[in-house]
1. Can you list residue pairs whose Cβ atoms sit under 7 Å apart, with the first residue in the range 263-275 being among the acidic types (Asp, Glu) and the second being open to solvent by 10 Å² or more (accessible area, probe 1.4 Å)? Count only pairs 6 or more apart in sequence or on different chains.
2. Kindly evaluate LEU150 against the criterion of being without any contact (Cβ under 8 Å) to a residue 40 or more places away in the chain and open to solvent by less than 40 Å² (accessible area, probe 1.4 Å).
3. Tell me which residues, restricted to the range 307-320, are at pLDDT 95 or above and either assigned to a loop (DSSP other than H, G, I, E, B) or open to solvent by less than 50 Å² (accessible area, probe 1.4 Å) (or both).
4. For the range 131-147, which residues satisfy the criterion of being open to solvent by 10 Å² or more (accessible area, probe 1.4 Å) and more than 16 Å from the ligand (Cβ to nearest atom)?
5. Of all residues in the range 26-49 being touching an Asp or Glu at 6+ places or on another chain (Cβ under 7 Å) and without any contact (Cβ under 8 Å) to a residue 60 or more places away in the chain, which is farthest from GLY246 (Cα to Cα)?
6. Does at least one position in the range 178-199 carry a residue that is of a type in the set (A, V, I, L, M, F, W, C), assigned by TED's automatic domain parsing to the domain that holds ASP292 and within 16 Å of the ligand (Cβ to nearest atom)?
7. For the range 200-213, which positions are within 16 Å of the ligand (Cβ to nearest atom) and in a loop (DSSP other than H, G, I, E, B)?
8. Given the conditions (1) buried (at least 21 other Cβ atoms within 10 Å of the Cβ); (2) part of a helix (DSSP H, G or I); (3) within 19 Å of the chain's Cα centre (by Cα), report the number of the one that VAL270 does not fulfil.
Amino acid sequence: MKKIILMAILLIFLIGIVGCTKNTADKTETLAGSDVKVVKIAYLPITHALPLFVEKELQNQADSKIKIELVKYGSWPELMDALNTGKVDGASVLIELALKAKEQGIDLKAVALGHKDGNVVIVNKDINSVADLKGKTFAIPHKQSSHNLLLDQMLADAGITKKDVKIVEMAPAEMPSALSQGQIAGYCVAEPFGAKAVSLGIGKVLYQSPDLWKDSICCALVFNNAFIQSNKDAAMATVSQYQTAGKYITEHKAEANGIAKKYMNVDDSVLDLSLNWISYNDLEIKRDAYEDLITRMKRAGLSENSPAYDDFVDASLWKK
Ligand code: ZN
């Protein structure tokens, strides 16, 4: 009898798990007493995610058929786990990480860029050229990143191979102090961590991203495709408001600066410098820029079976 009860409990438990799994595709919530959809989007507190912060703040001032709920994460792996498992509907994320997940069978769609330009190569005061980095340690946030690709380009332009430099992965927030303590000679990472070193007087800019890679792609707004398929209107509204946010940042710099400070723990001087290097105008993912990214990823050995533009980019959500 005990066995039968135990088996019954196990069966109910298993049905529960299957039920939860099946519901993952369409578990978008609505606000109580309304048909307003809650769209959960994951982010890291960096200037590269500013359009999301602005979208959220502009939404607080207006009626909308969606409500953006921003979910903060502390690292890219944690954020990717939430995106891949459908804990969130979308994320502002390094496009290489999303692309790699797509390559491994996770159905993700990139719908917009996070920003344009906005990455810098930071070095200590003793480094005056790329050749000076020979034999030194250089930090990037993740192998799958545009920062790694920018480093590739910088070394190739100088005729130096990756074997000549010791490349390490490091948490972005640790890079400025690692530079000041001499653990690393330089780094390339999402902002505002480059601006922080310059503002503190412990590092200088060796290159800005357009010097190395014109129209570089870095972060993107990425959705779980199950969310798009079950909530097309909410996905379109999210992207439309995101487009508006990008334009707003370009046209209302002071207000956007104020919003950035609400979401990031950053000094004014660091934020101002960081925002000087970046632009948010026209965040459409263009086909030629995507092809350039793929070429660079393949050359660096970061991608073998890259998804075609039409498989990975959902351009239908972008209003021309
Ligand atoms: Zn970025």
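1. These pairs meet every condition: ASP267/SER199.
2. The answer is no for LEU150.
3. PRO307, ALA308, TYR309, PHE312, VAL313, ASP314
4. Pass one, the range 131-147, residues open to solvent by 10 Å² or more (accessible area, probe 1.4 Å): 131-132, 134-137, 141-144.
Correct list: ALA131, ASP132, LYS134, GLY135, LYS136, THR137.
5. VAL38
6. no
7. Answer for the range 200-213, where residues must be within 16 Å of the ligand (Cβ to nearest atom) and in a loop (DSSP other than H, G, I, E, B): just TRP213.
8. (3)
The values are calculated or read from the model by the stated rules, or taken from the named source; none is laboratory data. In this text the structure is predicted, and so the values were computed from the model without any measurement. Cβ atoms come from the backbone with ideal geometry, glycine included; neighbour counts cover every protein chain shown. SASA here: full protein model, heavy atoms, side chains in, ligands and nucleic acids out. Shrake-Rupley method; radii C 1.70, N 1.55, O 1.52, S 1.80 Å.
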